[in-house]
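Contents: one structure, followed by commentary.
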Amino acid sequence: MESIFLKDMFEQPEAIKDLLSKKKEIRSKAGRLTHENILFLGMGASHYASIYATVYLRLKGINAVSVELSEFIWYANPDLLEFFDTIFLISQSGETAELTRFVDLFNDKLNRCVLVTNNENSFNASAFEASRLFPIYAGHERAMGSSKTFINTIVTLLLIAETWTGDELPFEKLPEALSKALEIDVSLYAKDMLDSKSVILVGRGFAVPVLKMAQLTLAEIAKVSSVVYSGAGFRHGPMELLVTDPLITVVAQHGRTSKLTFDLIGDLSFYQKVWCITDENVSFQRTISTPDGLIEELSCIPVMAIFQKVANEISIAKGYEPGVGLIASKVTKKE
């Protein structure tokens, strides 16, 4: 069964290529933005994509903060906006209820805001000058669950960020790596998850926002509830959940904390229901090997394809049509 979600998934490599063809335009706009203190505001997949960029910017010494947009509107003093040089509003549709409220409430602050969106013709996009509008060029996305738009939002934000840091991230390797990840057989992992009473996802650094998006994808597509912990956070108490017989997935891509992550997997060796997703040359009882050759800053992006495929398979096994919402909708028009 080829679902609308599956179609979106397999269009991701080309969507990245389309975005990268606009790299010069994106960098030109980004170069005109002040960036000592950055605030990212978004909801759902947009919020999680901004967390990925936040990890990168902080590593490079730029103060970046990512807050869920609705929580900022209702539980932050508006005076805090004065602290930030540039405020990134991120909305794939450009029409979510929270973005509309922000534009209405803080219209006098929009000269310090930029909009990152997949819909540059939305009514909210019209409030921004062209120089402060960053399309993500993901193309039409059919399914309720975000796939192309999530990945392209991450890449757009990293393209902007690398303009400030002076890096040259090897984005050109990403489409092929993602294509390879989309060909990985996840059937055993999907069956394990389908048969499990609860699901725990663990990672560090760039893996954390990807796992938050995986949590959302599993909920939207497969109707599976899961919980996400950082590697350190999992050690601070939640390991007690092992007595409840959960399925644990640890993302262990190479990088500055890979040893800590593999130490955690080693400490869980007594427990049978642990899956490791990694680009390292290791072999545990349950391992999914992701494409290697990407630097740490990009290596977690193809991991998302694993969870997309798993969500698609579980959804079909449960009798759902992947990507078709039963209760929620693609564009959230109510807070």
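Quick look at the numbers
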read-out	value
Candidates 160, 154, 136 - the one that is farther than 25 Å from residue 218 by Cα, buried (at least 23 other Cβ atoms within 10 Å of the Cβ) and out of contact with any Asp or Glu (no Cβ under 7 Å at 6 or more places or on another chain)	160
Qualifying helices (runs of 4 or more DSSP H) (wholly inside the stretch 236-317; at least 3 residues being free of Cβ contacts under 8 Å to residues at least 40 places away in the same chain)	258-267
Counted residues, the stretch 68-93 - those being small (Gly, Ala, Ser), closer than 19 Å to residue 107 by Cβ and either in a helix (DSSP H, G or I) or in contact (Cβ under 8 Å) with a residue 12 or more places away in the chain (or both)	2
Pair list, Cβ under 7 Å, 6 or more apart: the stretch 21-34 residue of a type in the set (D, E, K, R), other residue crowded, with 16+ Cβ neighbours inside 10 Å	22/137; 23/159; 27/159; 27/163; 29/134
Evaluation of residue 247 against (1) under 15 Å from residue 286 (Cβ atoms); (2) out of contact with any Asp or Glu (no Cβ under 7 Å at 6 or more places or on another chain) (one fails), failing number	(2)
Failed item, numbered, when residue 97 is tested on (1) within 21 Å of residue 30 (Cα to Cα); (2) under 25 Å from the mean Cα position of the chain (by Cα)	(1)
Failed criterion for residue 276 (all others in (1) on the phi > 0 side of the Ramachandran plot; (2) in contact with a Ser or Thr (Cβ under 8 Å, 6 or more places away or on another chain) hold)	(1)
Residue 225, sole failed condition from (1) surrounded by fewer than 18 Cβ atoms within 10 Å (Cβ to Cβ); (2) touching a residue at least 40 places away in the same chain (Cβ under 8 Å)	(2)
Boolean, residue 224 is within 28 Å of residue 321 (Cα to Cα), in a loop (DSSP other than H, G, I, E, B), modelled with pLDDT of 95 or more and not hydroxyl-bearing (Ser, Thr, Tyr)	yes
Unmet requirement for residue 194, which otherwise passes all of (1) more than 16 Å from the chain's Cα centre (by Cα); (2) closer than 24 Å to residue 94 by Cβ	(2)
Tally, over the stretch 129-162, of residues that are part of a loop (DSSP other than H, G, I, E, B) and either on the phi < 0 side of the Ramachandran plot or touching a Phe, Trp or Tyr at 6+ places or on another chain (Cβ under 8 Å) (or both)	11
Members of the stretch 115-128 found to be without any contact (Cβ under 8 Å) to a residue 60 or more places away in the chain and either crowded, with 24+ Cβ neighbours inside 10 Å or not in a loop (DSSP other than H, G, I, E, B) (or both), listed by number	115, 117, 118, 125, 126, 127
Among residues of the stretch 16-46, those that are touching a Phe, Trp or Tyr at 6+ places or on another chain (Cβ under 7 Å) and surrounded by fewer than 14 Cβ atoms within 10 Å (Cβ to Cβ), counted	0
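So that you can scan it fast, the table gives a plain yes or no per residue for (1) on the phi > 0 side of the Ramachandran plot; (2) surrounded by fewer than 17 Cβ atoms within 10 Å (Cβ to Cβ):
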site	(1), (2)
181	no, no
186	no, no
196	no, yes
205	yes, no
219	no, yes
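The values are calculated or read from the model by the stated rules, or taken from the named source; none is laboratory data. Bear in mind that the values here come from a model prediction, so they are computed numbers and not experimental data. Cβ coordinates were reconstructed from backbone atoms using ideal geometry, including for glycine residues, and neighbour counts include every protein chain displayed.
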